[in-house]
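**Student:** I'd like to ask some things about the structure below.
Readers should treat all values here as calculations from the given coordinates under stated rules, not as data from a laboratory. Every value quoted in this text rests on a predicted model; they were computed, and no experiment measured them. We place every Cβ from the backbone using ideal geometry, glycine too, and count neighbours over all the protein chains shown.
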Amino acid sequence: MSEKPFVHLHLHTEYSLLDGATRIDTLFDACKEKNMPAVAITDHGNMYGAYHFYCLAKKKGIKPIIGCEFYMADDLTVKSGDVKREFNHLVLIAKNNTGYKNLVKLNSIGFVDGYYYKPRIDFKTLSQHSEGLICLSACIAGQLPRLLRDGMWEEARKLVRQYKELFGEDYYIELQDHGIADEIYVMPKLIKIAEEFGVELVATNDVHYLKESDAEMQDILLCVQTGKFFDDPGRMRFEGTQFYLKDYDEMAEKFSYVPQALENTLKIAEKCNVSIEKKPLLPPYKPDNGMTPYEFLKDLLEKGLKRRYKEITPEIRQRADYELEVVSKMGFVEYYLIVWDFINYAHEHGIPVGPGRGSGAGSIIAYAIGITQVEPLRYGLIFERFLNPERVSMPDFDIDFCMDRRGEVIDYVIEKYTKPRVAQIVTFGRMKAKNAVKDVCRVLRVPYAEGDKITKLIPLNATLKNAFGLDGKNEGVPELMEIYKDYSMKRVIDLAIALEDMPRQTGMHAAGVVICREDLSDNVPLQRSGDDITTQYNMKEVEELGLLKMDFLGLRTLTDIDKTIKIVKETTGEEFDFEDCQYDDPNVFELIASGNTDAVFQLESGGMKRVMKDLKPDCLEDIIAGISLYRPGPMQFIPDYIKGKRDPKSVHYAHPMLEPILGVTNGCMVYQEQVMQICRSLAGYSYGQADEVRRAMGKKKMDVMALHRNYFINGKVNDNGEVEIEGAVRRGVPKETAELLFDQMYAFAQYAFNKSHAAAYAYVSYQTAYCKRYHPVEYLAAVLNNRITNIDDIKKYIAYGKENNIDFLPPDINKSGVSFTVENGKIRFALAAIKNIGSGSMEKIVEERKTHGDFVSLEDFLKRVESQYLNKRLVENLIKSGAFDCFKVSRAQMVSVFEPLMEMVYADKKKKESGQFSMFDLVENAAPAVVALPKSNIKEFPNKLKLSYEKEVLGLYVSGNPLDEYREKLKAFTFNTGMVTFSEDDDDFESSQKQSDWEGKEVSLAGVLEELKKIATRSGKTMAVGRLEDLHGSIELTFSPWYYEKIIKDKVEQDSVVTVTGKISFRQDKASLLVDKLEVWSEQKMAETDKNAVSEKLYLKMPFKDNELYAKLSAVLKEYAGDIPVILVIDGDRLGMPYKVRKNNGLIYELSDVLGEDNVRFVDVKPK
């Protein structure tokens, strides 16, 4: 450590997104080591990291100095020509709170008003917001050094005079020395002009990384962000390795001849005293009727209670009054009204709103006034989980809206509170583990195969240090640890670790909106995300600063339900909604228990289907529990829950006081609310104290938990001898029981789920199941319409529909709608689902058809539809899709004539517009199809080509399928592409579960070989990639160079029906198959699979024949379809079962539950 202190006033953190690599989280410990009492943040043109920097510096005992290195333009309003080359750097630092406010304002102006390649300000703007700021002349890219470098002394003098007049003694001329020629050349000139004008000097280092050894890492980052290779001679790079956090001695070595420049760093630090604190920035709510906010909320509450409840019982009245008192005392009346207001707007304008989300569903006020739809008393939901007098954090209503119309609600909020006071919230895309490895490999030109090998071995959600066993906690992946021993790969991995989790780019939070009682730009810095304006501080930070943060979430399922209701009304006249639904229809629960829950919210995955089939839910409480338990951690309790439901006598409670709390979940601890109730009932906690326990358990705060373990068991007595918490022992619970119970709570609470949230989502699950049970065709049409641009989902749900006897009709220009429609119990394909056909054009075409009748020919169609809505690609795709088959002309004929026909019709339209007769007008009494080009003798396309055209423009086959003749044969395969297709509706858990189930598994499947193409490898060899399409979707195929040369090359034709065997891998949620074997189907042997591919068999042992036991086994085996044969052993006899499975821990667990562990064995079988 240097004896003398020094303060760095020019420092770029990781939030200087192009080239900054000084991590905030490690900066302050380094400052302490180097005797630096303060340090500044001056990121390029932004303040993304400023608040985090401030908070962490305070926590670490280092004085934070908040600044920014701005881009200066001559005129920020000029955004054309060569002005992009006019950027000059200028460092501004906040001296006090006024300065911080001006820094925020200038930063916002730079992005909102001055953005042109970079966020820019100009001197005029700066002069209007200069109070409280300290100005440094900046690095060699500053205007003053540039003028002096170019010998422009008079302009330089004018500039110094200008800044000195504006900032006085708070203007400093910056000296830097990184060994760069321009810096060395301009240094004496800077000193001279400073002396001439009496301006103080300050020595800075342009810090971009923490240690000199980080220079290579920062250079790699620069390559990643600019898309260059490390060895590219013409790329952007820093000169030398001196851009690190130097101590006083290192700086003094460079600036010994100007010691005052070093001392001035401390003087500037002493000047800077900024305090960033939470302010009362929640927007007010003023009722239109003149009432006070409290009176208005109370009035809404009373009216709502009468509407919601037939009888207002004492329990309801007590709960409502209590909540109103808490909400009022804690100052959240206006918060409730703000939320009510935009939800009420949505209701009044027919915008579907979700039943609730998160702990807010536990509020009876929210239920009464229409913020939520879940009745909290019926499901034992706790208000204090949402809000209690001892909670210091802001309550949070997260609201789901219809995906299609969520934007309308946000627009309403912007209009109501005004644009300057509403913005969306920034997010940061970061370099995650696999991407960091890929980026470094690309920059260093590491062969793709080597990088790909590493990324495939990295477990989901693991950090690189975890994966390579370098964190001192985990053993790591053996194969990766072996790779790390290779010196060249060690360098790659070390650099990737150094870059991991760095912010790479900004984006806009999908749902977060912030509202302020003042202009946002006076309180938080703003930035651009495309055309949208967002905050520069993240969601957590804006909330900590006192702004109102709301989540306007888009939930596609609400749109599914809304569209189902509308389609049912259009097609049948029947009307239904869920306003007064009791959520107790046994037919709905029967559907859920059957496992037929494709497209049912939260219950669609294979795992959840199995849970529901085993559980056999008969009430909504079971759905709530299922949603809560089917997650990492609590999944282990699912068998206990099911066992308790089937056999209530098997449920054991550690103490009788637990039965009223855990009875609803069959003796299992499932919800966070149950932890709170146990603390209250058994140990005498208040709700606020119980909520503190719940939060401490969930966040693993060991010090807090140690205190509460004692309080829970023995109670808490304050210094005055007053009992604050009774404790379980005082309440008659044996100490051993209390100890055991607290430890069980702690073990469980880390995974416990919020019941209010689960209950709200269970409502949506029930609603979708209801739609599917009573309106299956209409519901499937709605689901398809909401995924109309996602061909994978379209394929999946159409395949599902066909398997469940729902018929699909091809597109028809006279019958199809823009969207999928229901026609006589069948689903008609949507015009908007045809490729390269915009919904706007289709809307105009359907409007014309409805107004003037069906189109009778291609000519009639072209004549009647305005030319601006037609183009050749659109017409061709309509023909190929079969939409014009109603004209009774072959597709081949129409393809051959449509272009000249379009030109003729267009020419006639132009003549008509200019007042000339058109050839169409000359035939007054002709039918609408007035002109027909001579029909050629072109035959219809061969069926195979016709179907391929359909596939080309629709993304799937509709009128037929090349695999139709093989449907029965394909049923013999236990794997299909649908098993590894990810839906837009899959959450992260479902995606990771699906990947972990299938990654590396060997499978066989059959289908049509498509898109086969050669690729040259770096070594000069040839490999191939392709796709295999089956009845459920498609999967990418990869053929190694060896396999391509020996088996594929010149021997396999595209569009052949084949069986492929290989191993599954995933890349960015897309499955692919590395092919080990391919067999073209022949007429003699169409369905045989490669017997040698079987490497294991599953043996199951039953002591005797038992039909019930056999049925249970069959049910389990069906859910784990794969390629491993199953052999049943009964009394020594071996019987082949009609199932094949994949090896999976869940399968072993479920089979062991049925047969016992000793009777379930996977056995290796060597091929003969």
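**Student:** Could you sort 802-815, 39-52, 333-346 so that the peptide with the highest average Cβ count within 10 Å comes first and the rest follow in order?
**Tutor:** Final packing ranking: 39-52, 333-346, 802-815.
**Student:** Here is a follow-up. Could you list which residues have their amide H under 5 Å from that of residue 38, counting only those 5 or more apart in sequence or on another chain, with H placed in the peptide plane?
**Tutor:** 63
**Student:** To the nearest 0.05, what FRET efficiency results for residue 455 and residue 226 with a Förster distance of 22 Å applied to their C-beta separation?
**Tutor:** E(calc), rounded to 0.05, equals 0.50.
**Student:** Now for a different question. For a quick protection proxy, order the peptides 781-790, 185-194, 664-673 by their average other-Cβ count within 10 Å, most packed first.
**Tutor:** The most tightly packed comes first, giving 664-673, 781-790, 185-194.
**Student:** Another question, then. Output wanted: per-residue J couplings in Hz (rounded whole) for the range 737-754, from phi through Karplus 6.51 cos²θ - 1.76 cosθ + 1.60, θ = phi - 60°, x for Gly and Pro.
**Tutor:** Going residue by residue, I get 5, 4, 5, 4, 5, 5, 5, 5, 4, 5, 4, 7, 4, 5, 10, 4, 10, 7 Hz, with x marking Gly and Pro.
**Student:** Note down the relative contact order for the range 24-271 as a percent, whole number, built from C-alpha pairs under 8 angstrom at least six residues apart.
**Tutor:** Contact order relative to length: 14 percent.
**Student:** Okay, moving on. Which aspartates and glutamates does residue 278 reach when only Cα atoms under 20 Å apart count, and residues fewer than 8 places away in its own chain are ignored?
**Tutor:** Those aspartates and glutamates meeting the cut-off are 334, 390, 396, 518, 519, 522, 541, 543, 544.
**Student:** Counting DSSP beta bridges in the range 24-271, what percent are antiparallel, to the nearest 5?
**Tutor:** DSSP beta bridges in the range 24-271 are roughly 40 percent antiparallel.
**Student:** With just the Cα atoms defining each centre, how far is the range 808-830 from the range 300-371? Give it in Å.
**Tutor:** Cα centroid to Cα centroid, the span is 42 Å.
**Student:** Give me the extension gain from residue 192 to residue 271: residue separation times 0.36 nm, minus the current Cα-Cα distance, reported in nm with one decimal.
**Tutor:** 25.9 nm
**Student:** I would also like to ask the following. Per 0.36 nm of contour for each residue apart, how much would the distance between residue 235 and residue 1081 grow if the chain were fully extended, relative to their Cα-Cα spacing?
**Tutor:** 299.3 nm
**Student:** Could you give each residue of the range 352-368 its phi-based ³J(HN,Hα) in whole Hz, using Karplus coefficients 6.51, -1.76, 1.60 with θ = phi - 60°, and x for Gly or Pro?
**Tutor:** Karplus-based 3J(HN,Hα) across the range 352-368 equals x, 10, x, x, x, 6, x, 5, x, 5, x, 9, 6, 5, 4, 5, 5 Hz.
**Student:** Among [x] 115, 109, 48; [y] 121, 80, 70; [z] 95, 95, 77, which is the computed Cα extents along the principal axes in Å?
**Tutor:** The calculated read-out lines up with [z].
**Student:** Something else: Antiparallel as a % of all DSSP beta bridges within the range 1096-1164, to the nearest 5?
**Tutor:** Bridges in the range 1096-1164 that DSSP calls antiparallel: roughly 70 percent.
**Student:** Counting alpha carbon pairs within less than 8 Å and at least 6 residues apart, what relative contact order, in whole percent, applies to the range 432-501?
**Tutor:** 37 percent
**Student:** Taking 41 Å as R0, compute the FRET efficiency from the Cβ-Cβ separation of residue 740 and residue 585 and round it to 0.05.
**Tutor:** With R0 = 41 Å, the Cβ-Cβ based efficiency is 0.50.
**Student:** Follow-up. Across the range 5-16, in residue order, what do the Karplus-derived ³J(HN,Hα) couplings come to in whole Hz, using 6.51 cos²θ - 1.76 cosθ + 1.60 with θ = phi - 60° and x for Gly and Pro?
**Tutor:** Ordered by residue, 3J(HN,Hα) equals x, 8, 10, 7, 10, 9, 9, 10, 8, 5, 8, 7 Hz.
**Student:** What does the highest-first list of 619-626, 148-155 look like by mean Cβ count within 10 Å?
**Tutor:** With the highest mean Cβ count within 10 Å placed first, the list reads 619-626, 148-155.
**Student:** Here's another thing I want to ask about it. At R0 = 41 Å, how high is the FRET efficiency between residue 1054 and residue 448 if r is their beta carbon distance? Nearest 0.05 is fine.
**Tutor:** It comes to 0.95.
**Student:** Next question, about the same structure. Of the listed pairs 835/951; 303/566; 1101/1140, which have alpha-carbon separations greater than 19 Å here?
**Tutor:** Violating the 19 Å Cα-Cα cut-off are 303/566.
**Student:** Among the listed pairs 32/246; 1001/1070; 563/1070; 796/880, which are separated by more than 18 Å between their Cα atoms?
**Tutor:** In this structure, 563/1070; 796/880 exceed 18 Å between Cα atoms.
**Student:** Distance from the Cα centre of the range 1-55 to that of the range 631-689, in angstrom?
**Tutor:** Taking the Cα centre of each part, the range 1-55 and the range 631-689 sit 49 Å apart.
**Student:** Pull up the DSSP beta bridges for the chain and report the antiparallel fraction as a percent, rounded to 5.
**Tutor:** The antiparallel fraction comes to roughly 70 percent.
**Student:** Another question, if that's okay. Quick one: length gained pulling residue 473 to residue 1013 fully straight, 0.36 nm per residue minus the C-alpha distance?
**Tutor:** 189.9 nm
**Student:** Just need the relative contact order of the chain here, percent rounded to a whole number, with Cα pairs under 8 Å and 6+ apart.
**Tutor:** Reported as a whole number, the value is 7 percent.
**Student:** Can you give me the long-range amide H partners of residue 509? Hydrogens built in the peptide plane at 1.01 Å from N, cutoff under 5 Å, separation of 5 or more residues or another chain.
**Tutor:** HN-HN under 5 Å from residue 509: 425, 426, 427.
**Student:** On to the next question. Across the range 579-714, how many lysine pairs, 8 or more positions apart or on different chains, have C-alpha atoms separated by under 29 Å? Please give the number.
**Tutor:** 9
**Student:** Here's another thing I want to ask about it. Around residue 1139, which amide H atoms from residues at least 5 apart in sequence, or from another chain, sit under 5 Å from its own amide H, with H modelled in the peptide plane?
**Tutor:** Result for residue 1139 returns 1126.
**Student:** Further question on the same structure: Label points 7 Å out from Cα along the Cβ direction at residue 80 and residue 572: separation in nm?
**Tutor:** Between residue 80 and residue 572, the simple spin-label model gives 6.1 nm.
**Student:** At 37 °C and 0.692 mPa s, grab the translational diffusion coefficient of the range 1096-1164 from Stokes-Einstein with a Kirkwood Rh over Cα pairs, rounded to a whole number in µm² per second.
**Tutor:** Rounded, D is 279 µm²/s.
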